[in-house]
Amino acid sequence: MRRDPMHPRAREVTMASKFTRSNRIGWLMAGPAAFLIAVFVVLPFIFAVGLSFTNQRLISPNPTQFVGLANYEQLLGLGLLTLEPERDAAGQLARDDAGAPKYPALRGYTRNNPDYPQFAGMREWFSFQQGDSRTYVLARDVVFMKAIVNTFVFVLVVAPVQAGLALVLALLINQRLRGINLFRAIYFMPVVVSIVVVSLLWRFIYDGNSGLLNNLLGALSFGAFPKVDWLGNPSTALGAIIAMSIWQAVGFHMVIWLSGLQTISPTLYEAAAIEGSSRWQVFRYVTWPGLRNTAVLILIVITMQAFALFSQIDVMTGGGPLDSTQTVVFQAVERGYGKQDISGGSTISVILFVIVLSISLLQRWLTREKN
Amino acid sequence: MARVSLAGIKKTYGSTEVIKGVDIDIADGEFVVFVGPSGCGKSTLLRMIAGLEDISGGTLTIGDRVVNDLPPKDRSIAMVFQSYAIFPHMTVRENLAFGLTIAKAPKAEKEAKVAEAARILQMEHLLDRRPSQLSGGQRQRVAIGRAIVRHPGVFLFDEPLSNLDAALRVDMRMELAKLHADLGATMIYVTHDQVEAMTLADKIVVLNAGVVQQVGSPLELYHKPANLFVAGFIGSPKMNFLKARVDAVDATGVKLSSPDIGSLVLPKPGVDARVGDELTLGVRPHHLAAGPGADLHGKVVLVERLGNETLTVIGTPSGQQIVAALPGDIDITPGADVGLVPQAAKASLFLPSGLAA
């Protein structure tokens, strides 16, 4: 029986049940989590945005001042400078002992040069040759630039490789075989171990002298493989950390893939079998389309986790050697607490937030359901 | 088109035998229904014919090939599942053409076959929709369409109407019957619904606990059930079973008596029973009439008025409940005394072993 909606008593009852009562319980349930998120995530983030416009230091006798976008300019400031080679009196190119053309010292442009105020305090990030002239890319904060590049390299390698590897593992363990749970447990185990512990263990594995990896490669190649100081060499350090990070979290994403695989109805596989699909066709037409939403989730989660790369760096290399493993979050912590430059660290956090948010939105847009 | 023959088909899981040696011959173009309660092995049997389950023993022949070890696609079969099993991310057109896509058939062939299937099932207007935009009946139609596109020798249906609502089920049932008439293909249909079995089948196979109980035309099963199980399973409402003692036997019939029915003569020649035997008398609710000269008396417990008939539950003096299908406008209320006259000629008689006498 329906009540007359205009009857005051009826309205009271529906209002009470729909808005006040259920809503109050809803808020009560969500309350503790919402409170904690507000205090430990939202509030600090608002603080970070505010501090990034000041010169706040961790401990300082001086009062805090508003500095506008100076922190952002300090981190992101870039400049391009093209220099002609030096010529001698006859107009011939001056060459150094190795025969390469000589260029004027950069110092002359970046220090106390009133003609180039925009380059003041900048340092060379990298340079490239164009004909005889040489173009220098200058950065106000070279270390931060390296950190951004390293972070992007890390994300671009880890996201597809980790997701792909996790999918392969999930497909392998999604079979009804005796003892399959043992394999699930083994693959998942690194996820349960603290990343700090894993990083410490892998420092031994990567050790330059008697590390497990060097010994293993040496044994497999009968001593032909030279010993490599994996974490001490600028050309291998980031790769070593990437490999270890993929190994550590692959089990987590495997489990997410597995849950996605198990939501696909078995009758779809039977229907495909009756139509005579090959294994690849089954994957192409049944499994992969069924994993769409899982794939989007995994891609976004891995990307966000990869951007937050910190613990491995902190434990294994401390950003070195030669800044080859600097990352954005490591820089934020290093600056905020190591150098007690809270405003600088906050600025890095805000920049990272903007980067991750834009990429997540882009991924969502690219993977949207097209009708 | 193909005939199908099952000879001594068995299925075992470990030491448990779920299909215990099944022999069935299905002629070309026949509509055969496997019916039985849940867990009787009918679906397993169908999946063995499809090739989705291994055959543990016996020989399965489709057409004139033994197909025991052939993969499903080489068996010349198509299957329609209870849950439709249509691919959610594909349009109806892509779903229909799936088998051809897999086989990398040319585009023109695909289009022609899809158009033909859509025409047969009258769903040309649905071709560009996605499954999520279809009703349950339309989805099942897509699944049937996908089967038609394969041009199989044998269509296999695994409870295809169970997920549909009652009204739609009746419509689809008629469409399936029409489809069978149009295509003339061999069809094997699994259901637990004996109404579907009765209406669709040329031949019904009643299964229980992995054993074939009886094979025959719907009316054969209805009128001459081979045993108590078939008698109870086929026909709605269920057949009434009454204990009765043999008072006399001769070449023309049997004279029975019991506290409930008094005394009754069944004109059944050649019954293998002796005086004093305890037999089971089976009387269908529709073979009981209220009226004078009744042998069977009881109190009305429940009255269900369906309009065309009135299903009446009657409690007998011995405490048993009997269902009678009485005329729709009969004046009867719970608590009233009623007398019933069974049509002795249409009654069944079962030996203590459960087999029909």
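Just so it is clear, none of the values below were taken in a lab; they were calculated from the coordinates. Here the structure is a predicted model, which means the values were calculated and not measured. Here the Cβ is made from the backbone with ideal geometry for all residues, glycine too, and neighbour counts use every protein chain on show.
Tabulated results
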quantity: Helix A:22-37 vs. chain A, principal-axis angle (Cα, 0 to 90°, nearest 10); calculated: 20
quantity: Calculated [θ] (222 nm, deg cm²/dmol) that DSSP helices of n ≥ 4 give over chain A, each run adding -39,500 (n - 2.57); calculated: -17000 deg cm²/dmol
quantity: Rg to Rh quotient for chain A, alpha carbon positions, Kirkwood Rh; calculated: 1.09
quantity: Furthest towards positive pole of dipole, A:Leu362, A:Ile351, A:Gly223, structure part segment A:143-366, Cβ charges; calculated: A:Leu362
quantity: Inter-chain Cβ neighbour average for residues A:139-151, partner chain, 10 Å; calculated: 0
quantity: Inter-part distance where segment A:36-61 and segment B:110-157 are each reduced to a Cα centre, Å; calculated: 61
quantity: Cα convex hull volume per residue for segment A:255-371 (Å³); calculated: 143
quantity: For segment B:240-350, convex hull volume per residue from C-alpha positions, Å³; calculated: 87
quantity: Extent along principal axes [Cα atoms of segment A:78-139; Å; largest to smallest]; calculated: 32, 22, 18
quantity: 10 Å Cβ neighbours from other chains, averaged over peptide B:77-85; calculated: 4
quantity: Folded to 0 to 90 degrees: helix B:166-183 orientation relative to chain B principal axis, Cα; calculated: 60
quantity: Residue mean of other protein chain beta carbons inside 10 Å, B:95-104; calculated: 3
quantity: Per-residue [θ]222 nm for chain B (sum of -39500 (n - 2.57) over DSSP H runs n ≥ 4, rounded to 500); calculated: -6500 deg cm²/dmol
quantity: Whole-percent pair-distance distribution, where bins are 10 Å wide, for the alpha carbons of chain B; calculated: 5, 21, 25, 21, 15, 9, 3, 0
quantity: Charge dipole (chain B, unit charges on Cβ, about Cα centre) - positive-most of B:Ala347, B:Ala244, B:Gln140; calculated: B:Gln140
quantity: Value in Å of the Kirkwood radius, where the protein assembly as shown supplies the Cα pairs that are averaged; calculated: 34.3
quantity: Dipole axis of segment A:86-151 (+1 Lys, Arg; -1 Asp, Glu on Cβ), positive-most option in A:Gln118, A:Tyr103, A:Thr135; calculated: A:Gln118
quantity: Amide H contacts under 5 Å for A:Leu138, placed H, 5+ residues apart; calculated: A:Gly79, A:Leu80, A:Leu81, A:Trp125
quantity: Separation of alpha-carbon centers, segment B:284-357 and segment A:83-155, rounded to whole Å; calculated: 106
